[in-house]
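First the structure, in the form of structure tokens, and then the observations on it.
Each reported figure results from applying straightforward, stated rules to the coordinates on display, with no laboratory input. On a predicted model such as this, the values are computed, not experimentally measured, just so you know. For neighbour counting, all protein chains shown are included, and Cβ atoms are generated from backbone atoms with ideal geometry for every residue, glycine included.
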Amino acid sequence: MMFWVLQSLNGISYGMLLFLLASGLSLIYGLMKILNLTHGSFYLLGGYVGLAVLHLTKSFILAVLLGSLAIALLGVVMERFLLRRLHLQEMPQTLLTFGLLFIFSDLAMLIWGGNPQTVPKPELFRHSLDIGGMVYPSYRLFIIGFGLFVAAVLWWVQEGTRIGAMVRAGVDNEEIARALGINVSLLFTLVFAFGAFLAALGGVMGGPIVGVYPGADFEVLLLGFVVVIIGGLGSLRGALVGGLIVGLLDNFGKVLFPEFALFTIFAPMALILAVRPTGLFGKE
Amino acid sequence: MLSIQDIHTYYGDSYILQGVSLELQPGQVVALLGRNGVGKTTLARSIMGLTPASRGRILFGDQDITRASAHRIARLGIGYVPQGRQVFRSLNIREHLQVTARGNGQWTPDKILDLFPNLRSRIKSLAGKLSGGEQQMLAAARALVGNPALLLMDEPTEGLAPMMIRELGKTIASLKEGGASILLIEQQLNFALRYADIVFIMNKGRIVHRCTPAELLADPDTKARYLGV
Ligand SMILES: Nc1ncnc2c1ncn2[C@@H]1O[C@H](COP(=O)(O)OP(=O)(O)O)[C@@H](O)[C@H]1O
Ligand SMILES: [Mg+2]
């Protein structure tokens, strides 16, 4: 029994990291119709930059903030100077983000080397908690709470604020939103930067659990896609539910059937796609 | 206030607007008539910067908006009511008025809702769930709440029940009384002529006729030739 509880918590906490990644992926696709493959890089670079800040300042909070902000800035530059030139050209845009994924991967290798790096946990969450007689790391519980907190904030921004309504207007009908005076180009930049911020957040916060290592960019990108495919592209709820599903599948797959770990993710995905081609919460 | 000077507009290789000129003075209601497919919507889109003209000039006041971006044109004061309403289906009525509210003119969201009481009673409804008539009111409301100097309406009566058309007519009449400037694109001849000061008729990408409503009513040839009535 305890095995299931603890492994579920592991899966859920990893699912929250995937949610951070997938929510941005989904948001960007919803508004800009870009499948941003560079999202994996945002995650990995966020981890590396956060780690560098941590070494310099010894502050986990600063590492999280500066790491994520740096990548958000990278997102701004990428959107303004590269993606914008290819507005509404899906294939070229996707290829561009694909190319950048490789470039950033090599750059990271060049700067930070090929060895996996471990990120120390923040002081506050170094201890373990006693759950029904079993010890469990408090940091993972913190990640779960933090993920839910981010989900709540995203929900509120999307449904309860003027800028959230503007983004939804842009998603529904970009042209008409522009023609009614909404600065959709600015929204593109903001949303892309915000998505990059969330991915980097996942990279830094996930550091103490999964580490930061070459190849993590491709790995999380693949899982992030499974999340949005299962949850439905463009849906925040889908990113959360999909993240949890994939987190759990991934974890139990690795623990119970290590030799079939990928199968335990892709078989359910194929099943869901067969029943609901747009994912659990996708539109149309 | 709006001066369209010999504009030419393409969709890719299709040559749609083949030299259109049109003037609208402040406080005027100008009707633009013409059969389906003659380029009326394309003209609206060229004005709004959605399909910019590749030759010619469009002045709004003293600003050249020919190649300005759509959101700038809207902010300069043109309120667009697109053909087919095109409301944001995942936004409710209140949110529609929120995202397009601008300027400190007479139209606050509250005043708008006085003008369209139907909308007030369904303020929390998603636009996608409204009836066609309600969606049309909403499309007009969200344009007005930006306090535009010029209202650009593209076939607002299309697909509406007669009662809703009367309702819409009342709104246009009261706007006209308030001194609004409106470019009204229509296929419903009688509806347009009731409110227009001047009529332009379009055919195959060109303006082919310009007259007053009274002149048009007395001219069965032109009506038959270009409007099929
Ligand atoms: N997006 C488009 N791409 C190519 N051709 C178009 C497009 N939209 C309209 N057209 C063509 O442009 C012409 C004018 O259309 P439109 O401006 O919508 O006419 P109207 O509003 O007077 O009915 C039509 O022949 C139509 O087929
Ligand atoms: Mg039309």
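Miscellaneous remarks
- Listed by position, the helices (runs of 4 or more DSSP H) inside segment A:20-118 whose residues that are of a type in the set (D, E, K, R) number at least 2 are A:60-81, A:90-112.
- Per this entry, A:ILE272 is not counted among residues that are in a helix (DSSP H, G or I), within 14 Å of chain B (Cβ to nearest Cβ) and surrounded by fewer than 21 Cβ atoms within 10 Å (Cβ to Cβ).
Yes/no matrix, rows are residues, columns are (1) surrounded by 18 or more Cβ atoms within 10 Å (Cβ to Cβ); (2) in contact with a helix residue (DSSP H, G or I) (Cβ under 7 Å, 6 or more places away or on another chain):
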residue	(1), (2)
A:TRP155	no, yes
A:VAL167	yes, yes
A:ASP172	yes, no
A:ILE176	yes, no
A:GLY181	yes, yes
A:SER185	no, no
A:PHE188	yes, yes
A:ALA193	yes, yes
A:ALA200	yes, yes
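- In summary, B:LEU50 fulfils each of the numbered conditions (1) within 14 Å of ligand 1 (Cβ to nearest atom); (2) within 17 Å of the chain's Cα centre (by Cα); (3) surrounded by fewer than 20 Cβ atoms within 10 Å (Cβ to Cβ); (4) in contact (Cβ under 8 Å) with a residue 24 or more places away in the chain with the single exception of condition (4).
- Consider segment B:63-75 and keep the residues that are closer than 13 Å to A:LEU180 by Cβ and touching a strand residue (DSSP E or B) at 6+ places or on another chain (Cβ under 8 Å). The one that is farthest from the other protein chains (Cβ to nearest Cβ) is B:ILE73.
- Test: residue in segment B:197-218 that is among the hydrophobic types (A, V, I, L, M, F, W, C), surrounded by 13 or more Cβ atoms within 10 Å (Cβ to Cβ), touching a Pro at 6+ places or on another chain (Cβ under 9 Å) and assigned to a loop (DSSP other than H, G, I, E, B): no
- Residue in segment B:148-157 that is without any contact (Cβ under 8 Å) to a residue 40 or more places away in the chain and either more than 13 Å from chain A (Cβ to nearest Cβ) or crowded, with 20+ Cβ neighbours inside 10 Å (or both) present: yes
- Matching residues in segment B:12-39 - criterion: being among the hydrophobic types (A, V, I, L, M, F, W, C), out of contact with any Asp or Glu (no Cβ under 8 Å at 6 or more places or on another chain) and more than 16 Å from ligand 2 (Cβ to nearest atom): B:LEU24
- Inter-residue pairs, beta-carbon under 8 Å, first more than 7 Å from every other protein chain (Cβ to nearest Cβ) and in segment B:87-100, second of a type in the set (Ser, Thr, Tyr), 6+ apart: B:ASN92/B:SER125; B:ILE93/B:SER125
- Residue match in segment A:228-243 (condition: out of contact with any strand residue (DSSP E or B) (no Cβ under 8 Å at 6 or more places or on another chain), within 14 Å of another protein chain (Cβ to nearest Cβ) and part of a helix (DSSP H, G or I)): yes
- Segment B:77-86, residues that are closer than 10 Å to B:ALA149 by Cα and more than 9 Å from chain A (Cβ to nearest Cβ): B:GLY77
- One residue stands out among those in segment B:33-47 that are under 20 Å from B:GLU215 (Cα atoms) and near ligand 1 (Cβ under 9 Å from one of its atoms): the one that is surrounded by the fewest Cβ atoms within 10 Å (Cβ to Cβ), which is B:ARG35.
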